[in-house]
Structures are given as structure tokens and as C-alpha cells.
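Here the structure comes first, spelled out in C-alpha cells, and everything after it is commentary.
The values are calculated or read from the model by the stated rules, or taken from the named source; none is laboratory data. In this text, all values refer to a predicted model and were calculated from it rather than measured experimentally. Don't worry about glycine lacking a Cβ; one is built from the backbone with ideal geometry, like all the others, and counts go over all protein chains shown. To get the accessible areas, we keep the full protein, side chains included, count just its heavy atoms, and leave off ligands, DNA and RNA. Shrake-Rupley method; radii C 1.70, N 1.55, O 1.52, S 1.80 Å.
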Amino acid sequence: MTTAALIHVLVSGLATGSIYGLVGLSLVIVYNATRTVNFAQGEMFVVSTFVAWSAARAGWPLPLAFLAAVVAAAVLALVIERAIIRRSIAATHWDVLIITLGLSLILRALAGIVWSHDDFPFPSYFGNRPIAIGPARVVPVSLGIIGASVVLMALLGALFRFTRAGRAMRAVAQNQTAAWLMGISVPRVFSAAWILASVVGAVAGLLIAPVVFLSTKMGLLVINGFIAAVLGGFGSMPGVVVGGMLLGVIENLAPLYLPTGIRYSVPFILLIAILVVRPGGLAGRVHRRKV
Amino acid sequence: MLEVEAIDVAYGKRRALEGVSLSVGEGEVVTLLGANGAGKSTTLRAISGLVRPGRGRILCDGRDLTRAPADAIVALGIAHVPEGRELFPDFTVEENLLVGAHRRWQREAVREGLERAHRLFPILRERRRQRAATLSGGEQQMLAIARALMARPRMLLLDEPSLGLAPRLVTEIFRVIDEIHATGVGILLVEQNARLALGAATRGYVLETGRVVAEGPSAVLREDPRIRQAYLGLAGTPP
Ligand SMILES: Nc1ncnc2c1ncn2[C@@H]1O[C@H](COP(=O)(O)OP(=O)(O)OP(=O)(O)O)[C@@H](O)[C@H]1O
Ligand SMILES: [Mg+2]
């Protein structure tokens, strides 16, 4: 492969990988705090992104439309967490898993009723005309996605490491009883985790929509985010980011060597391969399942 | 300062406490004795809001905190060092201490709290960058106590702080309990080591299958034949 082609594949791989990383992060943020996997995460960012689309169509300036999406994401998360998840207090993690799965179907149906299931072009804030990077030609959108994602990831890292709220979230992730005894309001941390995750997901949706077209199908990205999270050891935030990037690059690399038809199986092939070699994921500690 | 009035606590159908009443005055050290499963930890959990009494009331300075959430009870000045320490294993020693100060907003107060913790347990300063999970049992117990003190409580609930520690460390822990008491903090001490506990406390209560079966000044409890036999491992009647 020529250097130009390699750079091209790498850049677009890292761009999709950033999106997987962000979606994976949103799953992990909720999981770490509450020990549940929110399968509705995908449909939640679909709804948020559609809100931006509607706002932009109504003539709102783009930055304002994005802000609307972020606010919608936060409100949606708060409502779902308060009205449904928190009320099913006696539910086991499995019950909540089914609840979020059901929610994803309901949200998708509702989004379809409001916005239809068609594909819509989404306003792009980064140029689509290739620019030259060394010998390669790269679309600015890819660089924009990578840049914005990296900035958001760094902000999340700082939030969790250096702020009181971030420390409280990490404390709840480790030991809920102890967190209560430190004076942390655990329910408030749950809400915060849902809101934060939803906002991160919304940003991922806003970043990817111009590339893939906006549609209710975009929610399926949650699967790739999930795989990125598992690759990273489900729980480790740097692990998810690396898992997402790896997945994105390999997914873009694979069609060059493998029959094109296999492209959509690549994430799962990678997942199985890594779990066989490193059962705890890339960054995770291994808790072996007894056989 | 702390008043527990006839509380019942059940775990599902299982009754753990029945009509338990006790009180701890401002700055007083009181011990709660009892065999395994008597309900000592449950009593502490009810006070700190981890379990809800089905009946009865819990008051702090006359304020009813029976239905208050655990985080609000910490804010009222009651800190609980739970059975089994319950540290944050992935946090460093220092992060564990900092999260103990979650309810304190002034940077200055938090820094003073850290200094106080290091003065009380110098080993924690040496280990401050180490993950809590890698500490020895004794160090973990010290960290658990220091972490609770970071909230600057007026009342400390201690659940078997000497459990599983070597005799030298048990002495150390009891020295620290005296030191904490000397700063005016009230202590409700659950202990398996009744001799040491009665030595540290001015009064005590004895729980048996969820009920208070004896109470009184430590000196009196020490002479009680039943307590001598059951908890002090001595012959029934004092010599
Ligand atoms: N989470 C729980 N679920 C069900 N039953 C419980 C639970 N915790 C305690 N119990 C029961 O409640 C009773 C009182 O338990 P508790 O832990 O308060 O006893 P304890 O006096 O602290 O005992 P130990 O000295 O062993 O710590 C016991 O019979 C125990 O089995
Ligand atoms: Mg106990």
C-alpha cells in the first residue's frame, strides 16, 4: 500500500474510531456508575441529533442548533433516569437491561413517527473538499471529528480526575455503600452519569451525522460503541478510546485485504480475537469466567 | 446528642432489631457489645441511614433523621466507619481521604483535615500515593477511620475497628480512639474485644438477638456476671 493510501485509511479509521470511542464512553460512564448497560444510548443520540436537525431547518444558527441537541440529550437522559430507571428500584440488572433494550425500540419508533425513517443530509461544519496532508488527500471532516473527539475525551479525563464531581462518580463506581457514607448522594450521581453519557453520545451523533446521513438507523452505532467498550475492558475509559480507535482503523483497513462482503463482520472478528487472547479486554483486569 | 428510640429493623422478613433504644451524649464514648449476629452493625447502619427502621425514631440534637438519606446524615456530623472498612480500592490513600471530605467545600479545611489525618496516622502520609487495595489490614483500618474524620464529624460510629488486627495494632487503634475522644468527638464503638471497649467507654449497651439486654456504666457492666461470662471470658462472679 502506498503511503498516501495508508494515511488516508488511517485518518478515516481514526475518525470512525473516535465516534466508536465516544459512544463506548457514553456506555461506560453509565455502566461504571450504575452497573447497567444502556442499550437505548444509540436511540437517545439519534433523537438529540434530530433535534439539532429540526432546529437548523427552522433557521437556527448551527451552533445554537447543536446547543439545542445537547440540552435535549440532557433532558431526555434526566427524564428516562428519573421516570423509569430509578423507579424500577427492585429490578435486577437484567431487568434494567431489558428495560433499556425496550426503550431503544420505543425511542426508535417514536423518532420514526416524528422524523420518518428516511436518510437526511445533515449540515456539516467541517469542509468536505479534500486537502493535502503530505502525499495524501484527506477530507477535513475526518480531521474535525478526530480533533473534536480528542478534545472531548481530554475534557472527560480532566473531569473524572480533577473535579469533586468526577471523584464522586468514580467513588460510586467502586463502592456504593462507602460513597453514601462519605456524604455523596448516590441517586444524584446516577442522574449525573446518565446526563453526561447522553451529552457525550449527542456529540458523537452530531459529529457523525454529516458523514453517514442522519437517520434512525444511526442508533445501530451503539453496537460498535459496545464492542469498543468490551475491547477496552468495559470500565476503563482510556481502554474504550483505544478500543474504538483500533476498531475504526481495522474496519477501514480490512476491505483492502479481505473480500468486501466481510466488512461488517470485522468488528465481531476483532472482538472474538481479542477476547480469546486477552479475556479482560485491552486494558481490563481479568476476571476469568469459570468453566 | 444522638438518640435512638425503640427502633425495629428487618431485612426482608428477617427481624434484626426489636425496640432498640440507646443514646450517646456530646463527646461521650459509648460501647455496643453483643455476640455475632446480635444486630450491632445493623444498629449503626440504621443510624447512618443505610437501612431504614420499620418503627421507632432516631434523633440528632432533637432533629428527626429516621427518614433522612445517608448523605444528609453525614452532613449533620455523624460519620460511620463500617464493618469491613469499605475503602475505595482503586483510589490512592490520599484520594480516599479527599472523598471523605466530599461535604466540605473550603480548600483550607480539606488541607487541615489531611494534616490532621497524617498527624493521627503518620503511616498514611508515607503511603499517600499508594492504592488503598495494596495496604495491609491495619493500614486499611487506619485509613477507614481517617477517612471518616475528614468529614469533621461530631459523632463517630466505629464498627469493630480492631477486628483481625495484631495485638500491637489493636493497642494503636485504641490509642487513636482516645485521641479522637480527647478532641471532643462522641463515639459509638462496636467491639468484639469487650475488655478494651469497656475500658475506652464510659457506658455500654449489650445486644442479644436484636434487643438491648443490659446497659449501664462500664464499671457496672464489667462486674455483671452474664457479661463476664459471655463477653469477657471470665468466671461468672467477680473475685
Ligand atoms: N444484608 C442483610 N440481609 C439479611 N440479613 C442480614 C443482613 N445483614 C445482617 N443480617 C442479619 O441481621 C442480623 C444482625 O446482623 P448484624 O450484622 O447487625 O450483626 P452484628 O451484631 O453486627 O454481628 P457481627 O458481630 O457478626 O458483625 C443477623 O442475624 C444477620 O444475619
Ligand atoms: Mg457486625
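A few notes on this one:
- Being within 12 Å of another protein chain (Cβ to nearest Cβ), of a type in the set (A, V, I, L, M, F, W, C) and assigned to a helix (DSSP H, G or I) holds for only one residue in B:L50, B:L87, B:L44, and it is B:L44.
- The listed residue being within 16 Å of ligand 1 (Cβ to nearest atom) and aliphatic (A, V, I, L, M), out of B:A68, B:A10: B:A10
- Take the conditions (1) at pLDDT 95 or above; (2) in a helix (DSSP H, G or I); (3) open to solvent by 50 Å² or more (accessible area, probe 1.4 Å); B:R129 misses just one of them, which is (2).
- Helices (runs of 4 or more DSSP H) wholly inside region A:162-228 that include at least 3 residues being farther than 25 Å from A:V79 by Cβ and without any contact (Cβ under 8 Å) to a residue 60 or more places away in the chain: A:164-174, A:176-181
- Qualifying positions in region B:177-198 - more than 13 Å from the chain's Cα centre (by Cα) and buried (at least 18 other Cβ atoms within 10 Å of the Cβ): B:N193, B:A194, B:L196, B:L198
- Verdict on B:R57 being at pLDDT below 95 and either surrounded by fewer than 15 Cβ atoms within 10 Å (Cβ to Cβ) or not hydroxyl-bearing (S, T, Y) (or both): no
- Members of region B:64-94 found to be of a type in the set (D, E) and open to solvent by less than 40 Å² (accessible area, probe 1.4 Å), listed by number: B:D71
- Yes/no for B:G39 being within 16 Å of ligand 2 (Cβ to nearest atom) and either open to solvent by less than 40 Å² (accessible area, probe 1.4 Å) or not hydrophobic (A, V, I, L, M, F, W, C) (or both): yes
- Matching option when the condition is away from chain A (no Cβ under 14 Å), more than 16 Å from ligand 1 (Cβ to nearest atom) and open to solvent by less than 20 Å² (accessible area, probe 1.4 Å), among B:A201, B:A166, B:A148: B:A201
- Each residue in region B:84-101 was checked for being farther than 19 Å from B:I123 by Cα and at pLDDT below 95, and 1 of them qualify.
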